[in-house]
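K.L.:
Shown below is the structure under consideration.
The values are calculated or read from the model by the stated rules, or taken from the named source; none is laboratory data. Just so it is clear, the model here is predicted, and its values are computed rather than measured. Here the Cβ positions follow ideal geometry from the backbone for every residue, glycine too, while neighbour counts run over all protein chains shown. Keep in mind that these areas ignore ligands, DNA and RNA; they rest on the heavy atoms of the full protein, side chains included. Shrake-Rupley method; radii C 1.70, N 1.55, O 1.52, S 1.80 Å.
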Amino acid sequence: MNQASASASISDVTLQIIQNLIFSTQDKFPSGATCWQKQVQLSTQDYIESYPTQNLTHVSIDSNIQNQGVWQNAAWTAFQPNTELNLADTRIRYQAKEHWGFFHNEREVNTAQPNNVLACDFFNESAFKQVDRILGRVF
């Protein structure tokens, strides 16, 4: 829900419908269901998460520059991320086109969610089936 509410492409009405469908059914996992949330992401190098076929909503190019470089003829600039909205923070220029993505550090600490927010990055089969069942009603 946090990711959906942070998305600029989902209207408030659509978000309300999704919330009503999910929370009106059952907001708890069945017995034996497990959900894990990533606390830290580790990689061997910094990287850019990119979606070249999508027109991502992004931070202003007037934001503070945090990092920049060129990788395989693609110039990139990482700007100060927006802490409130999930906006793309890295501009990539390649073959006269501009794309946007997200800059990630080698050691990236994920923001802790409040206790009343369920945020799962990985599910066991029982939890996945419960989520799939509920979301199947929406989509």
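K.L.:
If DNA, RNA and ligands are ignored and the probe is 1.4 Å, what is the ranking of ILE61, ILE92, ILE48 by accessible area, most exposed first?
P.N.:
The residues order as ILE61, ILE48, ILE92, largest area first.
K.L.:
Same structure again: Ranked by accessible surface with a 1.4 Å probe, highest first, in what order do ASP46, ASP12 come?
P.N.:
ASP12, ASP46
K.L.:
Can you tell me the FRET efficiency between TRP71 and ASP121 if r is taken as the Cβ-Cβ distance and R0 is 22 Å, rounded to the nearest 0.05?
P.N.:
0.25
K.L.:
Could I ask something else about it? Roughly speaking, what is the stretch gain from GLU49 to ASP62, that is 0.36 nm per residue apart minus the C-alpha to C-alpha distance, in nm to one decimal?
P.N.:
2.6 nm is the gain from fully extending GLU49 to ASP62.
K.L.:
How charged is the neighbourhood of PHE79? Take every other residue with its Cβ under 12 Å from the Cβ of PHE79, and add Lys/Arg as +1 and Asp/Glu as -1.
P.N.:
Summing Lys/Arg as +1 and Asp/Glu as -1 gives -1.
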